[in-house]
Amino acid sequence: MSSQPGTQEQPLRIAIIGSGPAGFYAAERLFKENDLVVQIDMFDRLPTPFGLVRGGVAPDHPKIKSVVKVYDRIAKHDGFRFFGHVEFGSDITHDDIVQHYHAVIYAVGSQTDKQMGIPGEDLPGSHAATEFVGWYNGHPDYRHYEFDLTKKRAAVIGNGNVAMDVARILARSYDELRTTDIADYALDALAKSNIEEIYILGRRGPAQAAYTNPEIKELGEMEIADIIVSPEDAALDPLTQQWLKEHNTDRTVERNVEIVQEYAQRKPSGKPKRIIMRYLVSPVEIIGTERVEAIKLVKNELYMREDGTLRPRPTDEFEILPVDLVFRSIGYRGVPLPGVPFREDWGLIPNDAGRVLTAPGGEHVIGEYVVGWIKRGPSGVIGTNKPDSVETVEHLLEDARAGQLLSPSAPDADAIVRLLDGRNIRYITYADWEMLDAEEQKRGEPHGRPRVKFTDVKAMLDFVAQHREQKLNPTGD
């Protein structure tokens, strides 16, 4: 047997932990290596693949979700297997992976949110945007969460695309949402919502906002919500004007400013809901006795650091903004994986261009690689993950050619199946997912919806088990 894996007799066996965009793009690049026979086993904690494309992309953005067609083609490759409902660290361990694969790629994303670290943050009515996004998208982890939509005023802290999604979903009409794949229970709750005012609070100015042009533009096209920006908030301070003149080459920034300044010229048309954009403010306290009643904000000013970047700093000017709900959307961070190095201060797996390191600046952990948000932090859009994953895989292939991968004791493809079966893990294959996918679409069809999602893991597993039984015994004898 050849000592170098990558032949028909000894395929290069790769485990990918996580089934979001970064993981699929890594698989795509591996399969393009024509002189290597590659087998990929992709594991996910959930029974369903596609990560944030399924559980994070807003339901009113169906075009973005069409990227799953690309991932579906990758999954149809002969060398690909999906193992859903298999959790790394419990169902399979780091030691298991090392014994069964020549290399592992961690593609687990950033699974939790950053906290503001201010008094009152844990009051009822104060939530992470990740919880709300997971809830309306039917993510099994969040299906039982409750959000008090009987109140009238909500605040979204942050100026990225996720903050825009949260504000937009709160401001959508029932008619706008009922033709999407939003979770059934969320559709029902939002149909009864009393939310009238949604504040979007950014700590910097319109030129530093992290949202993209389409996201901010869409807020001005809502069916039942006016967008309101004061001329004061839309105006650029002298430092920003100077910076744009001397440093900015990004048309996106210019367009963002133009859109916001156009909003400042609009007069409200009397729609039942209002989205109010505020800039250069930061929450310093969430006020309330038994639940959220208001936010204390400090007015910020921008200053230029030595590196030429503009940053906000607080002034001595404060205000109290009465609100009933708060959604913080100030960024995501990764969580540690058992047996895998982790950089706690950054919420990342330490790495050198995708090669996992023992610690920042440390040695490369042989055979271990990382892609996506858990590699670089939560930045960019879905497509940003493609070059990121390609970079990592190029280094993996370089190490493969140099003979610097793992030497697993049980590399045959059946060994991991025997391991999971021996532990009674009810794993979901890609064919099982296709059955779930077809059933969701079938359920949505009578209602003019793209799908009605399964949101409960047990219901998914039971449906798969039932259909497997029907295939084995189609006559029911």
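The values are calculated or read from the model by the stated rules, or taken from the named source; none is laboratory data. Predicted model only: the values in this text are computed from it and were never measured. Here the Cβ positions follow ideal geometry from the backbone for every residue, glycine too, while neighbour counts run over all protein chains shown.
Matching residues to (1) in contact with a Gly (Cβ under 6 Å, 6 or more places away or on another chain); (2) aliphatic (A, V, I, L, M); (3) in a loop (DSSP other than H, G, I, E, B):
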| position | (1), (2), (3) |
| --- | --- |
| Thr7 | no, no, yes |
| Gln10 | no, no, yes |
| Gly23 | no, no, no |
| Phe43 | no, no, no |
| Pro47 | yes, no, yes |
| Phe50 | no, no, yes |
Test: residue in region 162-171 that is surrounded by fewer than 17 Cβ atoms within 10 Å (Cβ to Cβ), outside any loop (DSSP other than H, G, I, E, B) and assigned by TED's automatic domain parsing to the domain that holds Arg278:
no
Could you say whether any residue in region 109-117 is within 30 Å of Asn34 (Cα to Cα), surrounded by 23 or more Cβ atoms within 10 Å (Cβ to Cβ) and at pLDDT 95 or above?
no
Note: among Arg311, Arg355, just one is out of contact with any Gly (no Cβ under 8 Å at 6 or more places or on another chain) and surrounded by 18 or more Cβ atoms within 10 Å (Cβ to Cβ), namely Arg355
Look through Ile64, Ile118 and report the one residue that is farther than 26 Å from Pro11 by Cα, over 18 Å from the mean Cα position of the chain (by Cα) and in contact (Cβ under 8 Å) with a residue 60 or more places away in the chain.
Ile118
Need the failing condition index for Tyr174 against (1) surrounded by fewer than 16 Cβ atoms within 10 Å (Cβ to Cβ); (2) on the phi > 0 side of the Ramachandran plot, just the number.
(2)
Restricting attention to region 150-169, does a residue exist that is under 22 Å from the mean Cα position of the chain (by Cα) and free of Cβ contacts under 8 Å to residues at least 40 places away in the same chain?
no
Could you list, in sequence order, all residues of region 198-221 that are at pLDDT 95 or above and among the hydrophobic types (A, V, I, L, M, F, W, C)?
Ile198, Ile200, Leu201, Ile216, Leu219
Selection over region 408-437 where residues are in contact with a strand residue (DSSP E or B) (Cβ under 9 Å, 6 or more places away or on another chain) and part of a loop (DSSP other than H, G, I, E, B) yields a count of 7
Whether any residue in region 172-185 is outside the structural domain of Gly56 (by TED's automatic domain parsing) and within 30 Å of Met304 (Cα to Cα) is what I want to check.
no
Suppose we filter region 122-148 for residues that are touching a strand residue (DSSP E or B) at 6+ places or on another chain (Cβ under 6 Å) and either of a type outside the set (Phe, Trp, Tyr) or assigned to a loop (DSSP other than H, G, I, E, B) (or both); how many remain?
7
Any residue at all in region 3-17 that's of a type in the set (Asp, Glu), more than 29 Å from Gly160 (Cβ to Cβ) and modelled with pLDDT under 95?
yes
Checking the condition touching a Leu at 6+ places or on another chain (Cβ under 9 Å) and of a type in the set (A, V, I, L, M), which residue from Val257, Val323 passes?
Val257
I need the full set of residues from region 236-293 which are touching a Phe, Trp or Tyr at 6+ places or on another chain (Cβ under 7 Å) and either more than 26 Å from Ile330 (Cβ to Cβ) or β-branched (Val, Ile, Thr) (or both), in order please.
Ile276
Which ranges mark the strands (runs of 3 or more DSSP E) fully within region 314-393 that have 3 or more residues being modelled with pLDDT of 95 or more and closer than 30 Å to Ile275 by Cα?
325-328
Please indicate, with yes or no, whether at least one residue in region 450-467 is touching a strand residue (DSSP E or B) at 6+ places or on another chain (Cβ under 8 Å) and acidic (Asp, Glu).
no
Output yes when any residue across region 393-414 is surrounded by 13 or more Cβ atoms within 10 Å (Cβ to Cβ), closer than 25 Å to Phe24 by Cα and under 24 Å from the mean Cα position of the chain (by Cα), and no when none is.
yes
Taking region 413-439, which residues are charged (D, E, K, R) and in contact (Cβ under 8 Å) with a residue 60 or more places away in the chain?
Arg423, Arg426, Asp432
So which residues in region 275-292 are surrounded by fewer than 17 Cβ atoms within 10 Å (Cβ to Cβ) and either of a type in the set (D, E, K, R) or not in a strand (DSSP E or B) (or both)?
Thr289, Glu290, Arg291
If you take the residues of region 26-50 that are among the polar types (S, T, N, Q) and modelled with pLDDT of 95 or more, which of them is farthest from Ala400 (Cα to Cα)?
Thr48
Read through the list (1) closer than 28 Å to Asn159 by Cα; (2) in contact with a strand residue (DSSP E or B) (Cβ under 6 Å, 6 or more places away or on another chain); (3) of a type outside the set (A, V, I, L, M, F, W, C), then give the number of the only condition that Gly372 fails.
(2)
When you scan region 8-22, do you find a residue that is within 17 Å of Leu397 (Cα to Cα), without any contact (Cβ under 8 Å) to a residue 12 or more places away in the chain and either surrounded by fewer than 24 Cβ atoms within 10 Å (Cβ to Cβ) or not assigned by TED's automatic domain parsing to the domain that holds Pro408 (or both), even just one?
no
Condition first: surrounded by 22 or more Cβ atoms within 10 Å (Cβ to Cβ) and part of a loop (DSSP other than H, G, I, E, B). Can you find one or more residues in region 71-93 that meet it?
yes
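Table: residues versus (1) more than 17 Å from Ala171 (Cβ to Cβ); (2) surrounded by 15 or more Cβ atoms within 10 Å (Cβ to Cβ).
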position	(1), (2)
Lys192	no, no
Glu197	no, yes
Leu219	no, yes
Ile228	no, yes
Leu236	yes, yes
Gln265	yes, no
